[in-house]
Amino acid sequence: MSDLLLLAVPVAWSPLWTIPIAEIAPDLRIAVHGRDEYALGDVDYVLSFRPEPGLLKSLPKLKFVFSIGAGVDGFFADPEYPRHVPLIRFVDHTLSREMAQYVVMHTLIHHRQQRMFDAWQKEKKWRQTIPPRRTEDTRVGILGLGEIGTLAAEHLRDLDFQTAGWSRTRKTVRGVESFAGDAELNTFLARSDILICLLPLTPDTRGILNTKTFAALPRDAFVMNVARGGHLIESDLIAAIDSGHLSGATLDVFQTEPLPESSPLWAHPKVTVTPHVAAISDPRIAAKQVVDAIARNRNGKPLENLVDFDRGY
Ligand code: NDP
Ligand code: OXD
């Protein structure tokens, strides 16, 4: 019998994934968790984003697990994740490019004061302001210089922003200053007029966007979180903006998603909210990566984009 891939995603989304996988791998059996009958002992691979805790542990023949997303915190949320089963994350230039586009767009919207002009347009006010601060006088700091952070940094550098990144290990990226490790975090923050979070969510990075971090930023700094809601203490952000220390924020990810109607972030005049859409994994590209990984494994080749369980990303 051919291998069985279990899709553990909301049933309504499942055709997005089953159709392109079936097109390129007609011999692979596919079952959708919550929709199809399948025997636990038959499952060879799982494709998911945030599997139901305990599900993966119940699959005795599981060979490896695919993440639909670049971020894998949804798998670490399962305390029973079977750590002998490799986890492969989604790494794709198209996804990184779209993330970088989002970051550049919202950096420029802030830098060029576009929200102010939007408000004036509503009031039919024609007001020519003095030119904005030049990009070369504006310091952008990116938390996380990985696949996505590095590409975003390169684009911002190319727009002449003074660009720096903070990561666990030192990086060499042309025209981008590298800060590494906890010891250099405060120096990095103190030189960041615009702070952009592109870290994975791990025990070390959870809650990193908090009152202490904001206090280390220059006055009027702007914060963008495109990584995970768990990085940001939302009440600390609102307090730092309302006190006048921060000038505003753009948020794509939230502690609770969908963002509850009761959240003060929705209507805050200095906060831009988008519904976790900075970039969305393309199912056709993901399907190809899944099918390629299965083939590599069958041919005895090493798996790529493996998550390190000790680092948590
Ligand atoms: P990578 O794993 O490629 O990069 C992670 C970066 O974070 C690395 O530079 C790493 O340092 C750094 N890092 C991790 N832990 C620490 C730490 N404790 N201290 C300092 N630096 C640290 O991830 P990606 O760039 O592919 O993705 C980043 C995140 O973006 C994802 O985890 C996901 O949460 C988010 N995302 C959000 C999307 C959205 O639509 N909003 C879409 C896609 C992703 P080092 O290089 O030294 O290891
Ligand atoms: C991801 C995401 O991690 O969509 O890829 O958030």
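Rule-based calculations on the coordinates, nothing more; no lab input. Bear in mind that the values here come from a model prediction, so they are computed numbers and not experimental data. Glycine also receives a Cβ, built like all others from the backbone with ideal geometry; neighbour counts cover every protein chain displayed.
Pairs spanning more than 31 Å between alpha-carbon atoms, out of K61/K171; K171/K301; K57/K301: K61/K171. Listed from fewest to most Cβ neighbours within 10 Å, the set W126, W166, W17 follows the order W126, W17, W166.
Just so you know, the Rg over Rh for the chain is 1.02, from Cα atoms, with Rh as the Kirkwood radius.
Past the 26 Å Cα-Cα mark, which pairs from K125/K270; K122/K212; K63/K288? Exceeds cut-off: K122/K212. Longest exposed-loop-site-free stretch of the chain, with GluC sites (Glu not before Pro), DSSP loop and at most 13 other Cβ within 10 Å? The reported range is 124-260.
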